[in-house]
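Chemist: Have a look at this one.
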Amino acid sequence: MTNYETELNPQQLEAVQHTNGPLLIIAGAGSGKTRVLTYRIAHLLETVAAPTEILAITFTNKAAREMRERVESLVGSTAGMWISTFHSACVRMLRRNGQLVNCLPGFSIYDDQDQLLVIRACLKELDLDDKKYHPRAVLSAISKAKNMLQGPEEFGSEAKELYSRRVAEVYKLYAAKLRTNNALDFDDLLAKAVELLETQPQVLSYYQNRFKYIHVDEYQDTNHAQYRWVNLLARAHRNICVVGDDDQSIYLFRGADVGNILDFEKDYPEAKVIKLEQNYRSTGNILGAANSVIANNSRRKVKELWTAAGQGEKIQVYNAGDERDEANFIVREITGGARPLGDYAILFRTRAQSRALEDAFIKAGLPYQLIGGLPFYGRKEIKDMLAYLKILANPLDGVSLARIINEPRRGIGERTVSRLLAYAEDRGMAPVASLAAAAKDIGGRTGTCLGEFAHMLADLDGIASESAVTITLQEIMHKTGYVAALNAEESIEAQSRLENLQELLTVTEEFDRRVGGDLGLFLEEVSLVADVDSMAAGAEGATLITLHSAKGLEFPAVFMVGMEEGLFPHSRSLDSEEELNEERRLCYVGMTRAREELSLVWARTRHIFGRLEACRPSRFLREISEKYLDYLNGSPSQIKMWAPISQPPKSAAAKVKYVVGMVVEHSKWGQGRVIETSVLGDQPVILVEFSGGDRRRLMADFAPLTVVEG
């Protein structure tokens, strides 16, 4: 029997021991919410619940693993419990009952890049200009509709202007193509699971009676589909425990609705509400500053984080000249500090801000890890290998087939792929199953290539049916000639890709040891991996990470950079109170990632799209009480009064210092002649024709040119 009284504070203990009825736990940053959830599950098992009656939902695989490990350390086993992400839980439901809502067994899960391929195909088929209807924007609109549980017809009926009506057409065709490929995207996993529960009473009853005790972590980040799914399951017994912090709701752009947690008591009037306000992470000065910022938001549940750990050091504020000075300041602080390099994290609002930081780290010879760059599973060679595995698991997956049918090159072009897919569709066949017949019908050299490819896939299918994932993957790499093609390149890039493929084999070996050789389960697990899940634990080097990706993490020392109006808060939020409140919550999240040291940095000027812009300090700096701050340079009044900052000198009123006919020399392209001058905004631009007729349009103030003549 666990001795909860000695290990939990009074509020945590009260939450753990509340076993019946709805429970809302408002858990401030660093207040021990994971400990409360895991101890609560252990207490339920010791008192009223069987393992199979417990459902615990998190947002990331990393959080699910951590929760499972903590529960196992308390009760010995998690067998029978569902401790998983929303998407993983929905996949389990659909694998078991998906045929009731037209999801055939073995369906593929399409990631972002797969979805974009389908969207582009839809745009082409509908003869829509992808410059006007940008694929990613169209996909975002469809994703938002799915998160609101709007199908193509409902979305189309509400579309008024031309753009929305065209997106509705794409949505309808996109949904049809996914059905043809027996595929679901991430949004479908939730939408289809909700449809399953809403349209199949026997399935809903089964899961309601099974999951008598439901737990949802990070409830403030749920969207409408997730909200519906959870509350359908909780409707029968109403033993639902949600944990979250409205002050840390930062995913509005993904469809998260902070109203779900703010209105929990409207959904469950009998709910018990417990606030966890004692912070076990940060010092008093950091918490005081964070509290003073978030207090400026209007619609929130009032709470005041406190700590017994002491006030600690004041928060440093540094006023940089520009982004290079900002980066160099951080390098100086890190190299002059006594901490290990891995203690430091640099948080920024947009990914583009990482460039100057990376340059400074590389120049100083300091190792770092950039989180949120191109993820491992987004690299071409990895996606190619996963596509091979997907078509072995799901022969209906025409998108994956189209991706690898000519990877490596084997003489099968796009026109042949289109003919093949049309051939399969006309005959109601799976694309893979139609390969051999289509090869005979097409004939010639292309038909021979298709036939050889069909024979190879048949061999691989036989291997996959009786082998562990690692063996199947090794055979794919060699039978397809993929590894041989990379070896033949003899380039650094090819060597890097080969190393990535070896790392993928490490992943499959770990999976085979842990789970077994089930290819379908492996593809599900890989499909649900998030960028931040791949962050190396205890990695050497400082961490460079966006504020959004940093949520859920903590570091001994944190630098928050780019604290400027228009950058943070972002310019897109300045005309919307809802979005500005979210930016403030994002600031609060960033500040509370720091355990012992926090530095806030803003720049007087910053290069934006090649132009040097004057900057004003962020309003969030103004909202922090001065008693928590230590100004390394500048003054409080400069921030508090938003003092005007002198504009940087413009390019001599856009006067072009080069003239037509002038001969110039470029460090890379050699000599050339200026053939045109112009102005873009207030920046001078020149068009130079170099030897061989190569023309380059250059920003005159920044191009490395030397005047040779004229």
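Chemist: Can you work out the FRET efficiency for the pair A236 and S157, with r the C-beta to C-beta distance and R0 = 25 Å, to the nearest 0.05?
Modeler: Once the sixth-power term is evaluated, E becomes 0.15.
Chemist: OK, next. Using DSSP to call loops (not H, G, I, E or B), can you name the trypsin sites (Lys or Arg not before Pro) in the range 272-380 whose Cβ has at most 12 other Cβ atoms within 10 angstrom?
Modeler: Details: sites: K272, K275, R281, R299, R300, K301, K303, K314, R324, R332, R349, R351, R355, K363, R379, K380; in loops: R281, R299, R300, K301, K303, K314, R349, R379.
Here the sparse-neighbourhood loop sites are R299.
Chemist: Same structure, new question: Rank T677, T78 by accessible area, highest first, at a 1.4 Å probe radius?
Modeler: Largest accessible area first, the list is T677, T78.
Chemist: Share of the range 1-140's accessible area from carbon and sulfur, percent, 1.4 Å?
Modeler: Answer for the range 1-140 is 49 percent, counting heavy atoms of protein chains only.
Chemist: A follow-up question, please. Given an 8 Å cut-off on Cα distances and at least 6 residues of separation, report the relative contact order of the chain as a percent. Write down the numbers at each step before the final one.
Modeler: Values: 1144 pairs, mean separation 106.2, N = 710.
Answer for the chain is 15 percent.
Chemist: Next question. Over the range 19-140, what is the relative contact order in whole percent, taking alpha-carbon pairs under 8 Å and six or more residues apart?
Modeler: Reported as a whole number, the value is 17 percent.
Chemist: Heavy atoms only, 1.4 Å probe, whole protein assembly: order S625, S691, S108 by accessible area, highest first.
Modeler: Details: S625 45, S691 95, S108 10 Å².
Ranking S625, S691, S108 by accessible area, largest first, yields S691, S625, S108.
Chemist: Calculate the spin-label point distance for H455 paired with D130, positioning each point 7 Å from the Cα along the beta-carbon direction, and give it in nanometres.
Modeler: 3.5 nm
Chemist: What is the distance in Å between the Cα centres of the range 1-20 and the range 34-109?
Modeler: Here the two parts' Cα centres lie 22 Å apart.
Chemist: Another one. What does the extension gain come out to for R696 and E540, with contour length at 0.36 nm per residue minus their alpha carbon separation?
Modeler: Here the answer is 52.0 nm.
Chemist: For the pair A176/R35, report the inter-label distance in nm, with labels modelled 7 Å from Cα in the Cβ direction.
Modeler: About 5.7 nm separates the two model spin labels.
Chemist: Okay, next question. How would D322, D459 line up by accessible area, probe 1.4 Å, largest first?
Modeler: D459, D322
Chemist: Just checking my list (i) 158; (ii) 198; (iii) 220 against volume of the Cα convex hull per residue in Å³ computed from this structure; which label fits?
Modeler: (ii)
Chemist: Given R₀ = 56 Å, FRET efficiency for Q200-L632 by Cβ-Cβ distance, to 0.05?
Modeler: 0.35
Chemist: Another question, if that's okay. Would you kindly compute the Cα radius of gyration of the range 37-103 and its largest Cα-Cα separation (Dmax), both in Å?
Modeler: My reading of the Cα-based Rg and Dmax gives 13.2, 41 Å.
Chemist: Same structure again: Pop out the carbon and sulfur fraction of the accessible area of the range 250-379 as a percent, whole number, probe 1.4 Å. Display every interim value, and only then the final one.
Modeler: On the way: 3010 of 5930 Å².
The value for the range 250-379 is 51 percent carbon and sulfur by accessible area.
Chemist: Fully extended, how many nm does the chain gain between A338 and N406 (0.36 nm per residue separation, minus their Cα-Cα distance)?
Modeler: Going from the current span to full extension adds 19.1 nm.
Chemist: Starting from the range 297-362, pick out the GluC sites (Glu not before Pro) whose DSSP state is loop and whose Cβ has at most 15 other Cβ atoms within 10 Å.
Modeler: E304, E313
Chemist: For the residue pair A484 and K266, what label-to-label distance in nm results when each label sits 7 Å from Cα along the Cα-to-beta-carbon direction?
Modeler: Reported label-point gap for A484 and K266 is 6.5 nm.
Chemist: Estimate the FRET efficiency between A79 and V707 by the formula 1/(1 + (r/R0)^6), using the beta-carbon distance for r and 60 Å for R0, to the nearest 0.05.
Modeler: Numbers: r = 77 Å, r/R0 = 1.28.
My answer for the efficiency is 0.20.
Chemist: Mean separation of Cα pairs under 8 Å and 6+ residues apart, divided by the residue count of the range 114-249: what relative contact order is that in percent?
Modeler: Here the relative contact order equals 22 percent.
Chemist: How much length is gained if the chain between T19 and E277 is pulled fully straight, taking 0.36 nm per residue apart and subtracting their Cα-Cα distance, in nm to one decimal?
Modeler: The span from T19 to E277 would gain 90.8 nm if fully extended.
Chemist: Using a cut-off of 21 Å between alpha-carbon atoms, which lysines can reach K172, once sequence neighbours fewer than 8 places away in the same chain are excluded?
Modeler: K124, K131, K132, K144, K146, K160, K192
Chemist: Moving on to the next point. For the range 371-479, what value does the Rg/Rh ratio take when both radii are computed over Cα atoms and Rh is the Kirkwood radius, given to two decimals?
Modeler: Rg divided by Rh gives 0.99.
Chemist: Could you work out how far the C-alpha centroid of the range 426-500 sits from that of the range 251-309, in angstrom?
Modeler: Taking the Cα centre of the range 251-309 as reference, the centre of the range 426-500 is 53 Å away.
Chemist: With every protein chain kept in place and ligands, DNA and RNA left out, what is the accessible area per residue of the chain? Probe 1.4 Å, answer in Å².
Modeler: 45 Å²
Chemist: Restrict the search to the range 540-592; then list the GluC sites (Glu not before Pro) that DSSP places in a loop and that have at most 13 other Cβ atoms within 10 Å of their Cβ.
Modeler: Hits after loop and neighbour filter: E540.
The values are calculated or read from the model by the stated rules, or taken from the named source; none is laboratory data. Fair warning: this is a prediction, and the values are worked out from it, not measured in the lab. Counting neighbours? That spans all protein chains shown, and the Cβs are built from the backbone with ideal geometry, glycine included. Please note that ligands, DNA and RNA were not included when accessible areas were found on the heavy atoms of the full protein model with its side chains. Shrake-Rupley method; radii C 1.70, N 1.55, O 1.52, S 1.80 Å.
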